Amino acid sequence: MMRARIVIAIVLCIVIVLLPVITNILENYVTSTPRQYTQPSTTTFIASGGEVRFTGCGESHEGADTLIVCPSEIFVSEAGIIVRVNITVKFKHAQPCPYSDWEISVGTPSNAEIVNESKTELVDPYTAVKYFYIRIQGNGTVTVVYEYGSGCPYGAEEGVAVKYYVVESVSSVALEQTTSLTESTTSAYKVFEGIPNVSLESKSLQINGTSIEVRGSWVCNGEELKWRDVLTELSQLPPPTKVVVEAVYEEGVWKATKIEFNNTTCVRGEG
Amino acid sequence: MNSIILHALGVRVKMRIIVLRKIVSLSLFVLWVVTGITGILLLIGPLLAKIEVYVPTVIPGIHTYVGFGALGISMIHIALNWDVLKSYMGIKPKPKARRE
């Protein structure tokens, strides 16, 4: 009887001792779906009458979590160019944690303006992302701060400064490339204004020599249109009609997000 | 002859149980101390963070694993002291069947 009791107790002991190990293995198994990370390399592209160059990412890892901001340095050849900055926080412990009032904030930039700031999104229990667009007017710095939850014993604050410069010749700037992980490629954003040259074959329009792709579905003054309809309408504009195109630089090309002409505003839809 | 063998076997079993009691009690003591220290560190961690002293990130892991270790070994401890525990609860042991 005694022996049976001890054998049962030993089995129970093994099960209980292995419980956190099994939980850990299961947790790793569940969260081990491969994530697509891109390596933000030094990127150079020619914008309309200007040039923009990014470096890699800035990192802060004072406490348990890591704050990653991409790009860490931006060089533009003219004031007014808008650049997207991606923020990623890698948590050491799965969220929600007991100190869940952590916060990612963007400081007030010098010689620049934050034109759009997204909400912080938890993409998985270990990763939070946020981005903002900054219109660069001159040399300056903007600081991104990640504050740990109040009372968190593993750290107080992580901070990364993003530096930006307006330089005459961007291509001549020697950049020290850093590598890190980011969820999406850094992109720039610009407003183009001029008389468009429409090409239905290449699904694009040209303004002042810069080709801008027009793809997907669009909403023009409440009416849903396809890219072909938008380009057809633009090609039929009596010259010289100026259009204003807001475009984002992604995957090596400018992509139109908003087109304004003759009191018509077209915004790119989800599709 | 048979009774001598049975007696010898009984003594060996009792000896093994004594050794098991020793191992279980000592392990439980060590695990209790470690769980207690890591628990105190986790409790005062938020207070220490305010003066910029941070608890190492391995502490919650140690606390969890050692705590589960203590819980597991306490099962064997209960099994070894089951009769005593029953008597504390006022449950009388069943009378042993007499050999014919």
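Averaged across A:11-20, how many Cβ atoms of other chains sit within 10 Å of each residue's Cβ atom? Intermediate results must be reported in sequence, preceding the final value.
Working: counts 1, 7, 11, 2, 2, 8, 8, 2, 5, 7.
The mean count of partner-chain Cβ atoms within 10 Å per residue comes to 5.
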Normalise the Debye intensity by I(0) for segment B:2-88, one equal point scatterer per Cα, no solvent, then take log10 at q = 0.10, 0.11, 0.19 Å⁻¹ and round to two decimals.
-0.43, -0.49, -0.89
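In peptide A:154-161, how many Cβ atoms from other protein chains are near each Cβ within 10 Å, on average? Each step should come with its number before you reach the end.
Details: counts 8, 4, 4, 0, 0, 0, 0, 0.
Mean partner shielding for this stretch: 2.
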Evaluate the relative contact order of chain B (contact order divided by residue number), counting alpha-carbon pairs under 8 angstrom at least 6 apart; express in whole percent.
29
Peptide ranges A:255-265, A:237-247 listed from the most packed, as the mean C-beta count within 10 angstrom indicates:
A:255-265, A:237-247
By count of other Cβ within 10 Å, fewest leading, how are A:229, A:101 ordered?
A:101, A:229
Please report how far the C-alpha centroid of segment A:11-28 lies from that of segment A:86-116, rounded to the nearest whole angstrom.
34
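Using a 10 Å cut-off on Cβ atoms, rank the peptides A:64-73, A:86-95, B:22-31 from the highest mean neighbour count down.
Highest-to-lowest ranking by the protection proxy: A:64-73, A:86-95, B:22-31.
Evaluate peptide B:66-78: per residue, the Cβ atoms of other protein chains within 10 Å of its Cβ; return the mean as an integer. Each step should come with its number before you reach the end.
Working: counts 1, 1, 8, 4, 2, 5, 10, 5, 4, 11, 8, 2, 3.
Taking all residues of B:66-78 together, the mean is 5.
Only the coordinates and a few stated rules stand behind these numbers; no lab work does. On a predicted model such as this, the values are computed, not experimentally measured, just so you know. Because the Cβ atoms are built from the backbone with ideal geometry, glycine has one as well, and the counts that use them run over all protein chains shown.
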